[in-house]
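Q: The structure follows.
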Amino acid sequence: MLIPLIHEVGMRDGLQMEQKIVEFDHKVRWIEGLIGSGIPVIQLGSFVHPKYVPQMADTDALFRHFTAKGGKRPTFSGLVLNEKGMERGLACGVDLFCLGVSASETHSLKNTRMPVMEALERILAMARTLQQEGRKVQVSVQSAFGCGFEGPIAEAKVLSIVDAYLEAGLKNISLADTAGHADPRQVASLFSQVIRRGDSIECTCHLHNTFGMGIANCLAAYDSGVQVFESAFGGLGGCPFTAVAGGNVATEDLVHMFSRLGIETGIDLDPVIATSREAADQLEHDLPGCVYKTGPISFQQA
Ligand code: ZN
């Protein structure tokens with residue numbers, strides 16, 4: 001049985017949408033809660049200019065804080081958007097660099113001021129540098145299942161970006177449903193085509209719950225052979241550069257669903273729930289996730 005691997009992105013994709021700046025010490029506490037749950041990969045932030053996303057201004061400091069400790073620890077990932085961010089990430093100990101391009105021309109222009117092919121060339125060059133430095137790299141295709149500005153995105157366009165990644169020797173590939181337009185059959189179709197391209201591809205899904213299809217899409221991805229799931233505690237999140245932003249699939253909802261299906265993730269639900277409750281308190285609003293409010297179903301499966 002395929003063991004799903006959770007990549008927690010709430011500290012980045014979640015917090016970048018929040019108005020209230022979360023203090024460094026609170027972030028440290030939340031990350032410690034997530035580490036305590038046994039989540040294997042945790043994204044600590046993005047290397048974006050603090051003028052554009054003030055919430056991410058302490059990303060370097062968070063990496064220094066958490067990578068300085070010895071012993072067994074999760075993999076810490078960081079989102080890098082440009083060369084300057086890459087230099088910052090190299091300097092502060094990022095384990096896994098996440099880079100990506102949008103498959104939507106409009107989204108790409110809004111996000112990077114570059115058309116897709118130009119953005120792709122730049123990402124490939126950065127990935128090459130990181131590989132030469134011996135760093136782990138994950139590359140993504142954003143808006144892979146539809147775009148809030150353009151509507152449908154052709155599968156062929158997404159797959160051409162995937163093929164460019166594979167040709168460059170980049171096998172850790174994430175498809176992101178930035179707008180939340182994906183449906184389960186579409187998820188199955190696109191991921192199956194990626195997985196068919198080779199045994200050594202490590203496939204990741206990043207699914208937003210804008211229209212309520214997030215968790216169904218996760219199951220479709222799992223059934224298609226996707227092993228890595230990016231999710232956010234409490235269901236926090238949303239891209240600031242999309243038309244309608246909805247949260248990520250909630251980590252605790254996803255772990256709970258897998259557990260009900262008899263699929264073990266190795267993650268302890270309680271510390272994730274406690275972290276989501278504390279975040280809702282601190283951010284002074286309800287989060288979109290379900291299980292942090294209700295707790296898990298207390299009855300065993302029949
Ligand atoms: Zn996202």
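The values are calculated or read from the model by the stated rules, or taken from the named source; none is laboratory data. Just so it is clear, the structure is predicted and the values come from calculations on it, not from any experiment. Reconstructed Cβ throughout: ideal geometry from the backbone, glycine too, with neighbour counts over all protein chains shown. Surface accessibility is based on the protein's heavy atoms, side chains included, excluding ligands, DNA and RNA. Shrake-Rupley method; radii C 1.70, N 1.55, O 1.52, S 1.80 Å.
Q: If A119 meets every condition in (1) under 20 Å from the mean Cα position of the chain (by Cα); (2) in a loop (DSSP other than H, G, I, E, B); (3) not acidic (D, E) apart from one, which number is that one?
A: So the condition that A119 fails would be (2).
Residues are listed down the side, and each one gets a yes or a no for (1) at pLDDT 95 or above; (2) β-branched (V, I, T); (3) in a loop (DSSP other than H, G, I, E, B); (4) under 17 Å from M126 (Cβ atoms):
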position	(1), (2), (3), (4)
D60	yes, no, no, no
G71	no, no, yes, no
R88	yes, no, no, yes
V94	yes, yes, yes, yes
G100	yes, no, no, yes
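Q: State all residues of the stretch 217-226 that are surrounded by fewer than 18 Cβ atoms within 10 Å (Cβ to Cβ) and in contact with a strand residue (DSSP E or B) (Cβ under 8 Å, 6 or more places away or on another chain); if no residue qualifies, say none.
A: Selection gives G225 alone.
Q: Moving on. Can you name the residue in the stretch 153-178 that is among the polar types (S, T, N, Q) and either open to solvent by 10 Å² or more (accessible area, probe 1.4 Å) or part of a loop (DSSP other than H, G, I, E, B) (or both) and is also farthest from I6 (Cα to Cα) among such residues?
A: Narrowing the stretch 153-178 to residues among the polar types (S, T, N, Q): 160, 172, 174, 178.
With the extra rule that they be either open to solvent by 10 Å² or more (accessible area, probe 1.4 Å) or part of a loop (DSSP other than H, G, I, E, B) (or both), the set shrinks to 160, 172, 178.
On the way: S160: 27, N172: 14, T178: 18 Å.
Checked the stretch 153-178; the qualifying residue farthest from I6 (Cα to Cα) is S160.
Q: For residues in the stretch 3-28 being buried (at least 16 other Cβ atoms within 10 Å of the Cβ) and more than 16 Å from the ligand (Cβ to nearest atom), which is farthest from L269 (Cα to Cα)?
A: V22
Q: Taking the conditions exactly as written (small (G, A, S), surrounded by fewer than 22 Cβ atoms within 10 Å (Cβ to Cβ) and more than 18 Å from the chain's Cα centre (by Cα)), does G70 satisfy them or not? If you could, list the steps in order and put the result at the bottom.
A: Working: small (G, A, S): yes; surrounded by fewer than 22 Cβ atoms within 10 Å (Cβ to Cβ): yes; more than 18 Å from the chain's Cα centre (by Cα): yes.
Judged against the criteria, G70 is a match.
Q: So, in the stretch 143-152, exactly how many residues are assigned to a strand (DSSP E or B) and open to solvent by 10 Å² or more (accessible area, probe 1.4 Å)? So that I can check it myself, show each step before the final result.
A: So the first thing to find is which residues in the stretch 143-152 are assigned to a strand (DSSP E or B), and the list is 147, 151.
Those left that are additionally open to solvent by 10 Å² or more (accessible area, probe 1.4 Å): 151.
Qualifying residue count for the region: 1.
Q: Continuing with the same structure: With within 26 Å of K51 (Cα to Cα) and in contact with a strand residue (DSSP E or B) (Cβ under 6 Å, 6 or more places away or on another chain) as the only criterion, which of G246, G180, G238, G214 stands out?
A: Numbers: G180 fails: within 26 Å of K51 (Cα to Cα); G238 fails: in contact with a strand residue (DSSP E or B) (Cβ under 6 Å, 6 or more places away or on another chain); G214 fails: within 26 Å of K51 (Cα to Cα).
The unique qualifying residue is G246.
Q: A further question follows. Within the stretch 234-252, is there a residue that is touching a residue at least 12 places away in the same chain (Cβ under 8 Å) and more than 16 Å from the ligand (Cβ to nearest atom)? Even if it seems obvious, please write down each step before you answer.
A: Looking only at the stretch 234-252, we keep the residues that are touching a residue at least 12 places away in the same chain (Cβ under 8 Å), and these are 234-252.
This time we only want the ones that are more than 16 Å from the ligand (Cβ to nearest atom), so: 252.
Looking for residues that are touching a residue at least 12 places away in the same chain (Cβ under 8 Å) and more than 16 Å from the ligand (Cβ to nearest atom), one finds at least one in the stretch 234-252, hence yes.
Q: Scanning the stretch 161-178 for residues that are of a type outside the set (A, V, I, L, M, F, W, C) and within 16 Å of the ligand (Cβ to nearest atom), which turns out nearest to V139 (Cα to Cα)?
A: Pass one, the stretch 161-178, residues of a type outside the set (A, V, I, L, M, F, W, C): 163, 165, 167, 169, 171-172, 174, 177-178.
If we keep only those that are within 16 Å of the ligand (Cβ to nearest atom) too, we end up with 174, 177-178.
Working: S174: 6, D177: 14, T178: 15 Å.
Looking at residues that are of a type outside the set (A, V, I, L, M, F, W, C) and within 16 Å of the ligand (Cβ to nearest atom), I get S174.
Q: Look through the stretch 179-216, keep the residues that are among the hydroxyl-bearing types (S, T, Y) and open to solvent by 10 Å² or more (accessible area, probe 1.4 Å), and return whichever of them is nearest to the ligand (Cβ to nearest atom). Explain how you work it out, then say what you get.
A: Just the residues of the stretch 179-216 that are among the hydroxyl-bearing types (S, T, Y), to begin with: 189, 192, 200, 204, 210.
Adding the requirement that they be open to solvent by 10 Å² or more (accessible area, probe 1.4 Å) leaves 189, 192, 200, 210.
Numbers: S189: 21, S192: 22, S200: 25, T210: 10 Å.
Among residues in the stretch 179-216 that are among the hydroxyl-bearing types (S, T, Y) and open to solvent by 10 Å² or more (accessible area, probe 1.4 Å), the one nearest to the ligand (Cβ to nearest atom) is T210.
Q: Hey, another quick one. Among the residues of the stretch 36-58 satisfying the criterion of being farther than 20 Å from M17 by Cα and not in a loop (DSSP other than H, G, I, E, B), which is least open to solvent (accessible area, probe 1.4 Å)?
A: So in the stretch 36-58, the residues farther than 20 Å from M17 by Cα come out as 36-41.
From what is left, the residues that are not in a loop (DSSP other than H, G, I, E, B) are 36, 41.
Values: G36: 55, V41: 15 Å².
Among residues in the stretch 36-58 that are farther than 20 Å from M17 by Cα and not in a loop (DSSP other than H, G, I, E, B), the one least open to solvent (accessible area, probe 1.4 Å) is V41.
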